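These notes are about the structure you will find just below.
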Amino acid sequence: MEKNNPNKFKIIHVLSCEIVSLEGCEKGFITKEIIEKYCDVNSTTFFICGPQVMYDFVEKELNKFNLPVKRIRREAFGEIKDILKHPDFPKEVAEKTFKLKIHIGGLSKEIPAIATESVLVALERAKLAPPSKCRSGECGFCRSLLISGDVYVNPISDWRRLADKKFNYFHPCASYPTSDIEMKIPRNL
Ligand code: FES
């Protein structure tokens, strides 16, 4: 809240419980209609925080406005729990383990990488102490260069900058190997 402008901060309670009520609250779920009733959608950036079922619902409602991806932010929710539940994950590689060649600092090493685990987890299993913070693709702290090979990046965790995509940088915490890969973690991290 801005100290000199208390009107900048406004809480609207939207209660789905039929028994509980608050003065001035909205009833039901956070729908497109409720969002546009209280927000100037064209100039607002949204931040969703709550249980998964709420993410799914509110995100679906926000998508009706066709907003740029960067205007819908989420709480960092950590790594995806079960990548196989994501419909566009290439199921044909699910049972596979690939070779991951890693260059980190002065060290080069080949380690195994299971298709259903993130590249970050493969690096951690190999005790390489890779950099990480949010583990959900948002902070960029684990940003690395993909020298060769392919990874699956789930769309909801894909917060790479356009330039990074163009020059093959990726976030190991949000990427799953779909072939043998070679990668480098930049030294300045
Ligand atoms: S740890 Fe934040 S993007 Fe990977």
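How do SER21, SER43, SER175 line up, fewest other C-beta atoms within 10 Å first? Intermediate results must be reported in sequence, preceding the final value.
Numbers: SER21 11, SER43 7, SER175 25.
Exposure proxy ranking, most exposed first: SER43, SER21, SER175.
Exposure proxy ranking for CYS17, CYS134, based on other Cβ atoms within 10 angstrom of each Cβ and starting from the fewest, stands as CYS17, CYS134.
Going from the alpha-carbon gyration tensor of the chain, what semi-axes, largest first and in whole Å, does one get by taking the root of 5 times each eigenvalue?
Numbers: eigenvalues 304, 69, 41 Å².
For the chain, the ellipsoid semi-axes come out as 39, 19, 14 Å.
Label positions at LYS109 and LYS184, each projected 7 Å from the Cα along the C-beta direction, are separated by 1.9 nm. Each of the chymotrypsin sites (Phe, Trp or Tyr not before Pro) that DSSP puts in a loop and that has at most 10 other Cβ atoms within 10 Å breaks the chain; the longest unbroken stretch is 10-166.
Database note for the chain: Cys without another Cys beta carbon under 4.7 angstrom, CYS17, CYS25, CYS39, CYS49, CYS142, CYS173.
For segment 10-43, the list of trypsin sites (Lys or Arg not before Pro) that fall in a loop by DSSP and count at most 10 other C-beta atoms within 10 angstrom reads LYS10. Positive end of the dipole of the chain (Cβ unit charges, origin at the Cα centre): among PHE98, SER148, GLN52, the Cα lying farthest that way belongs to SER148. Among the GluC sites (Glu not before Pro) found in segment 21-77, those both in a DSSP coil and sparsely packed, with 10 or fewer other Cβ atoms within 10 Å of their Cβ, are GLU23. Going from the residue with the fewest nearby Cβ atoms within 10 Å to the one with the most, SER144, SER118 rank SER144, SER118. Here GLU75 and LYS8 are evaluated by their C-beta separation; at R0 = 25 Å the FRET efficiency comes out at 0.70.
For the chain, what does -39500 (n - 2.57) per DSSP helix run (n ≥ 4), summed and divided by total residues, give at 222 nm, in deg cm²/dmol to the nearest 500?
Numbers: 4 runs with 31 residues, N = 189.
Only helices count here, giving -4500 deg cm²/dmol.
Which pairs break 24 Å Cα to Cα here: LYS99/LYS127; LYS60/LYS85; LYS101/LYS127; LYS70/LYS127; LYS37/LYS85?
Values: LYS99/LYS127 16 Å; LYS60/LYS85 18 Å; LYS101/LYS127 14 Å; LYS70/LYS127 34 Å; LYS37/LYS85 34 Å.
The answer is LYS70/LYS127; LYS37/LYS85.
Relative contact order of segment 83-185, taken over Cα pairs closer than 8 Å and 6 or more residues apart, is 34 percent. Evaluate the relative contact order of the chain (contact order divided by residue number), counting alpha-carbon pairs under 8 angstrom at least 6 apart; express in whole percent. Averaging sequence separation for qualifying contacts and normalising by length gives 18 percent for the chain.
Read-outs throughout are calculated quantities, based only on the coordinates presented, and are distinct from any laboratory measurement. Quantities reported herein were computed from a predicted structural model and do not represent experimental measurements. Here the Cβ is made from the backbone with ideal geometry for all residues, glycine too, and neighbour counts use every protein chain on show.
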